[in-house]
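The values are calculated or read from the model by the stated rules, or taken from the named source; none is laboratory data. All figures in this text were calculated on a predicted structure; none of them were measured in a lab. As a convention, Cβ positions derive from the backbone with ideal geometry for all residues, glycine included, and neighbour counts pool all protein chains shown.
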Amino acid sequence: MTQNSHISRRMFSYGLAAGGFGLALGGRSALAAPSDMGFGQAEWEQKYDTAESLRVPRATTPLLSSQTVAATEAAIQQYRDIAARGGWQPVPNQTMKVGTKGNAVVALRRRLIVTGDLDEAGGLSPVFDSYVQASVIRFQARHGITPNGVVAQQTLAALNVTVADRVRQLETNLVRLRSFSGNLGNRYITMNIPAAAVETVEGGVIFSHHAAGVGKIDRQSPVMQAKVVEVNFNPFWTVPASIIRKDLIPKMQADPGYLADNKIRVIDKGGNEVSPQSINWHSMDAVNYRFRQDPGADFNSLGVVRVNIPNQYGVYMHDTPAKGIFGDDFRFVSSGCVRVQNIRDYVAWILKDTPGWDRDHIDEAIRSGARIDARPAAPVPVYWVYITAWGSDGVVQFREDIYQRDGFGAGVASIQERAAAADPHAHGDNALLDPEGD
């Protein structure tokens, strides 16, 4: 587990994690970090003011909308103009935070001024003060980076992407956005893979935002369109064959008690439960059996809710017992399915027009522990999309091209390093298997 991951989760608990949907920079006290954050400088406690124009508001305009298309077109022109004026110069590869002094801070100020993250009136002082910190937080919020005001590896990488690449990235994503310019429905759900974010949309505005956990680099979540047809409370989870081969067999070789510890039962072809000890775990014998995990909020890989969206990829959306992932900015942790933050609010919106399924009844169904299904009054369209750059509510947003689909090839090593550093054990995951299909 990296230090950045620990910081990420801790900052989230203080209301600072912007995730995929931007950050509203509030009053002075909102960004005062706790004294035990580990940065070792008294200046970290100081408060600051920042111009209203530098705040990154929580988005209200849907990602898939004509307004976003228009804002992205404007962003392309903005970044073309920046390119015509010479773009920006690289920021030195040096960690910076409040109190840092030197030429690297001057270079950072110049870079932030070019893209409007720092007011030009802030000057080119060699001191990293609270105004620079506010501007770094704005930049981080626009790039889906934990907004902690510290310029470290991930922030430096985003700062040093060339303006030419940013223009091409916006142009590439404009094509993707335009493909969704038709009528998507009055109520629909968008899941943006690179942002690891879900938004529910109703009447042309965003109703709710949800951080998400999406597919790993080698087990990617698909771009697709589907519909929510059913919500399953307290679901069983049946381990698919791919997970049996890739994950379950190695786990049982390492720990023969894994199945029992995670309440996963072994079922033979006749429907009878058999002992795990009857299987040769040093062969592929296990693929001849069905493995079913009992319902349970604390251990079931699906948590307490599965959202059924039938599709050719066999993926779906669900809760998770590993809530810690939602506080990290690197949330590419699943085997293709999508884990949704605040799942109860999410399904309450899905079922809002279904008689007998208000929030109290949803909580009661979960509390009962019984396997219960509910259907929305009408199927809700779901769009899983891959958008890495867009304009929204006066802000230009960028995300890492996590699956390398933009075609530029930049940042592959950085992404792979961060993926390798992701550690499910650090979130109380107890080495749970990642749900994929059923």
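Here is a check on your reading of the model: is residue 291 surrounded by 14 or more Cβ atoms within 10 Å (Cβ to Cβ), aromatic (Phe, Trp, Tyr) and either in a helix (DSSP H, G or I) or under 20 Å from the mean Cα position of the chain (by Cα) (or both)? Before the answer, list the steps.
Working: surrounded by 14 or more Cβ atoms within 10 Å (Cβ to Cβ): yes; aromatic (Phe, Trp, Tyr): yes; either in a helix (DSSP H, G or I) or under 20 Å from the mean Cα position of the chain (by Cα) (or both): no.
Considered against the rule, which asks whether it is surrounded by 14 or more Cβ atoms within 10 Å (Cβ to Cβ), aromatic (Phe, Trp, Tyr) and either in a helix (DSSP H, G or I) or under 20 Å from the mean Cα position of the chain (by Cα) (or both), residue 291 comes out as no.
Answer yes or no: is there a residue in the stretch 223-231 that is out of contact with any Leu (no Cβ under 7 Å at 6 or more places or on another chain), of a type in the set (A, V, I, L, M, F, W, C), in a strand (DSSP E or B) and more than 20 Å from residue 342 (Cα to Cα).
So in the stretch 223-231, the residues out of contact with any Leu (no Cβ under 7 Å at 6 or more places or on another chain) come out as 223-230.
Now restrict to residues that are of a type in the set (A, V, I, L, M, F, W, C): 223-224, 226, 228-229.
Pick out the ones that are also in a strand (DSSP E or B) and you get 224, 226, 228.
Now narrow it down to the ones that are more than 20 Å from residue 342 (Cα to Cα): 224, 226.
Yes, the conditions are met somewhere in the stretch 223-231.
Residue by residue through the stretch 62-84, note down the ones that are surrounded by fewer than 20 Cβ atoms within 10 Å (Cβ to Cβ) and over 15 Å from residue 116 (Cα atoms).
Start the filter on the stretch 62-84 by keeping residues that are surrounded by fewer than 20 Cβ atoms within 10 Å (Cβ to Cβ), which leaves 66-67, 69-70, 73-74, 77-78, 80-84.
Result: 66, 67, 69, 70, 73, 84.
Could you list, in sequence order, the residues of the stretch 321-355 that are under 15 Å from residue 402 (Cα atoms) and hydroxyl-bearing (Ser, Thr, Tyr)?
334, 335
Residues checked against (1) of a type outside the set (D, E, K, R); (2) touching a helix residue (DSSP H, G or I) at 6+ places or on another chain (Cβ under 7 Å); (3) outside the structural domain of residue 101 (by TED's automatic domain parsing); (4) in a helix (DSSP H, G or I):
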{"residue": "135", "(1), (2), (3), (4)": "yes, yes, no, yes"}
{"residue": "138", "(1), (2), (3), (4)": "no, yes, no, yes"}
{"residue": "144", "(1), (2), (3), (4)": "yes, no, no, no"}
{"residue": "200", "(1), (2), (3), (4)": "yes, yes, yes, no"}
{"residue": "217", "(1), (2), (3), (4)": "yes, yes, yes, no"}
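When you check residue 246 against the structure, is it basic (Lys, Arg) and within 30 Å of residue 189 (Cβ to Cβ), yes or no?
Values: basic (Lys, Arg): yes; within 30 Å of residue 189 (Cβ to Cβ): yes.
Considered against the rule, which asks whether it is basic (Lys, Arg) and within 30 Å of residue 189 (Cβ to Cβ), residue 246 comes out as yes.
Limited to the stretch 71-87, what total is found for residues that are in contact (Cβ under 8 Å) with a residue 12 or more places away in the chain and polar (S, T, N, Q)?
Total satisfying the criteria: 2.
Looking only at the stretch 96-107, how many residues end up being farther than 11 Å from residue 127 by Cβ and in a helix (DSSP H, G or I)? Quick ask: steps written out before the conclusion?
If we filter the stretch 96-107 for residues that are farther than 11 Å from residue 127 by Cβ, which is where we start, we get 97, 103-104, 107.
Keeping just the survivors that are in a helix (DSSP H, G or I) gives 103-104, 107.
The total comes to 3.
Condition first: in a helix (DSSP H, G or I), touching a residue at least 12 places away in the same chain (Cβ under 8 Å) and assigned by TED's automatic domain parsing to the domain that holds residue 153. Can you find one or more residues in the stretch 88-95 that meet it? Give the steps one after another, and end with the answer.
Here is the first cut: in the stretch 88-95, the ones in a helix (DSSP H, G or I) are none.
So far as the stretch 88-95 goes, no, none of its residues is in a helix (DSSP H, G or I), touching a residue at least 12 places away in the same chain (Cβ under 8 Å) and assigned by TED's automatic domain parsing to the domain that holds residue 153.
One line per residue, one yes/no per condition, for (1) in a strand (DSSP E or B); (2) out of contact with any helix residue (DSSP H, G or I) (no Cβ under 7 Å at 6 or more places or on another chain); (3) touching a residue at least 60 places away in the same chain (Cβ under 8 Å):
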{"position": "169", "(1), (2), (3)": "no, yes, yes"}
{"position": "177", "(1), (2), (3)": "no, no, yes"}
{"position": "180", "(1), (2), (3)": "no, yes, yes"}
{"position": "183", "(1), (2), (3)": "no, yes, no"}
{"position": "191", "(1), (2), (3)": "yes, yes, yes"}
{"position": "208", "(1), (2), (3)": "yes, no, yes"}
